[in-house]
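Right, one structure below, let's go through it.
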Amino acid sequence: VPTGERVLVRLESGQIPFESLGDIGMRDKMTAALKQHLNDDANIVLFTAPKTEGLTTTWNVGINAADRLVRDFQSFEEESRPEPEIININPNFYGGNSGLTPYEAVRKAILKEPDVYMFPELVDAETFGLALDQIGKAEKKIITRLVAGGAVEGLVRLISQYPEQRETIAQRIACVVGQRLVRRLCDNCKVGFQPPPQLLQQLGIPQGRVAMLYQPFIPPPIEQQVDENGRPAPITPCHTCQGRGYLGRIAIFELLTPGPQLRDALTKTQDLGRLMAIAKSEGFHGVQTEAVLTVARGLTSLDELKRAFAKKT
């Protein structure tokens, strides 16, 4: 690059470091709803996230939350980019030495009569259409993922990828998961404070609902770190987070379950603003609303939300 050399390294964990959707920040009520959608038949579930915002991790944890013991899951993957192994998920490779196209891989898998067709990467329109036909003819299921700034945007992108299947996707989509990553407050040293009524009003939190919000511990300037006699007494950094105030990251999730008005609008427009307004009128809570709940649960801070949402996606 003009300023020197640059290398991009991608590190993939040998195993999924989280056991449940709750471990990565999803509320219990949302987790129950997503599991229900994952275990239903004859529909589509879509996972989305901005680039570098944890899509692969949520995909893996989400698939692990599905009932894979009584249903046959078939995943369709490019041979050069295999997915991490998940128990009872059967990979079908295309490209490379397989000698198969995505269409041929899906056509062969249909003979096994699987219950779920998984697409970690979007395939060509003919192949996706073949899987969609199985939804209608045999009440099968599709689970897929793509990079997008939010759930509504992700759904629009999916339809844009397969415009010939616009009406089918609009009618068959069960839910769309969206997310943003934020830093998690260190539980060992986070500091609670009583929020003033004005702040609660700005956040849309009813007064009396939340007694305490939290922020990272910020030590005073070194010259102020003295004992009662004025002698230097440096504060020992938190042994858990090494004084950073945050430890690890957590996802803020949104779960879009399209209602009849949104399904109808998806066949007529791609205007994100209009579609978002319709989704909210049908009860959709966007990621910014969920972000306030994450703060109220003491998992992250308001300053961290400002930092995260100021980033360009």
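Among the residues of the range 278-295, count how many are small (Gly, Ala, Ser), over 12 Å from Arg180 (Cα atoms) and either open to solvent by 30 Å² or more (accessible area, probe 1.4 Å) or not in a helix (DSSP H, G or I) (or both). Count: 2. For the range 158-202, filtering for residues that are aliphatic (A, V, I, L, M), buried (at least 17 other Cβ atoms within 10 Å of the Cβ) and in a helix (DSSP H, G or I) leaves 5. Of the residues screened, Arg231 is not one that is within 17 Å of the chain's Cα centre (by Cα) and open to solvent by 70 Å² or more (accessible area, probe 1.4 Å). For Val191, the conditions (1) in contact (Cβ under 8 Å) with a residue 40 or more places away in the chain; (2) among the β-branched types (Val, Ile, Thr); (3) out of contact with any Gly (no Cβ under 6 Å at 6 or more places or on another chain) all hold with the exception of (1). Restricting Leu275, Leu305, Leu255 to residues that are open to solvent by less than 50 Å² (accessible area, probe 1.4 Å), under 30 Å from Pro163 (Cβ atoms) and part of a helix (DSSP H, G or I) narrows the list to Leu275.
Checked against (1) among the polar types (S, T, N, Q); (2) touching a residue at least 24 places away in the same chain (Cβ under 8 Å); (3) in contact with a Gly (Cβ under 6 Å, 6 or more places away or on another chain), Gln134 passes all but condition (3). Candidates Leu299, Leu275, Leu247: the one that is within 17 Å of the chain's Cα centre (by Cα) and touching a residue at least 60 places away in the same chain (Cβ under 8 Å) is Leu299.
The values are calculated or read from the model by the stated rules, or taken from the named source; none is laboratory data. If you're wondering where the values come from, they're calculated on a predicted model, not measured in any experiment. All Cβ positions, glycine included, derive from the backbone under ideal geometry; neighbour counts span all protein chains shown. For accessibility, only protein heavy atoms count, side chains too; no ligands or nucleic acids. Shrake-Rupley method; radii C 1.70, N 1.55, O 1.52, S 1.80 Å.
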